[in-house]
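Written below as structure tokens is the structure these notes are about.
Read-outs: derived from the displayed coordinates by stated rules, not from any lab. Please read these numbers as outputs of a predicted model, since none were measured by experiment. Positions of Cβ are backbone-derived with ideal geometry, glycine not excepted, and every protein chain shown enters the neighbour counts.
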Amino acid sequence: MASSQANFTSNSSAECVVNKEFTFRFLPSVYLIVFLVGLLGNVCGLWNLYVDRKNWSSLNIFMINLGLADLLYVITLPFFVSYYLEKEMWHFGLIFCRFTRALFQVNMYASISFLTCISVQRYLGIVHPLKTMGRLHNLRCSVYISALVWIWVIAQVMAGFFITKDDNDLNRCYDSTSNKDENLKRYALYNLIITLTGFFIPFLIIVVCYARILTVLWRNKNIDPILKGRSIKLVGIVLTLFFICFFPYYILRNFSLISRTWQLQGTCTSALKTAYVTYQVTRGLASMNSAINPLLYFVTNESFVSRFHQMRRRTFHAFVYLGRSRDRQLVELVDV
């Protein structure tokens, strides 16, 4: 069983020991919740889209891809629940370790990319409705865009495989790279580049789109109130995802990698240890995007909302019926 004390570096002259008990308690709890909520929410959302496939629009195509990206990630979470509960003991082999770690990065960049596609689609539909009339229902164009997004995302993630990880310890499953000076510096630079291309640039596009959307919604009093309400909710959900799930993670991940290069030079302070713990929190928050994304089904698909309310009413009536049946049985037993 691995010790709860962990060295930031393998350099004996620059040892920086941190207590990982918080990681072993926090991450399994978050991953288990995300697995249950994310799996149920995305399966229900994708099933509803399949049932309503005759009414698909380009927005639905992007939502399908977003849901698939979430499912690919959440099915790996039980393995990491086991990994952290056993204090970083990996029992599933090196190849599966690399694959599951890659799926997390694929999920992050695919989620951001398809959220950008959804935001641009809403921008075109609200800000330029006449110019894009009819085009928003062109499914073929949306399929082509989705394919390009997947190629771009996989290309970004695959580049990280060319930077050597510490594969000597088959009982561990590292999420970045080894502490060898050359590997660490290359990986830090790589991570900085894909943070720029995979996070900051899409984020700026989304901010511009939503600024224009909110301006049009504010000024135009003739827009359908239902469309206006759904659009505002979409803005709120997407910005919440970025500021809670993505922004902290990418900031702390880059800082964590840079701080490890400082530690190789002999720097070890309490601030760096605190930054490590904070980074573990952001990892949990980042995984929560797969549990929050299903909320988008409510604001992008009318039939999903109606089916959800219908299912809720049926569930309520079922509980009422069971309660009344139980009361009648109790009365009969008393009479006897």
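What is the gain in length, in nm to one decimal, between Ile226 and Leu85 on full extension, counting 0.36 nm per residue of separation less the C-alpha to C-alpha distance?
46.2 nm
May I ask you to sort Trp56, Trp90 by Cβ crowding, counting other Cβ atoms within 10 Å and putting the fewest first?
Starting with the residue having the fewest Cβ neighbours, the order is Trp56, Trp90.
Gain in length, Arg172 to Lys273, computed as 0.36 nm per residue apart minus the alpha-carbon separation, to one decimal in nm?
Extra length available between Arg172 and Lys273 comes to 34.3 nm.
Can you sort Phe104, Phe62, Phe243, Phe255 from fewest to most other Cβ atoms within 10 Å of each residue's own Cβ? Before the final figure, lay out the partial values.
Details: Phe104 20, Phe62 25, Phe243 11, Phe255 15.
In order of increasing Cβ crowding within 10 Å: Phe243, Phe255, Phe104, Phe62.
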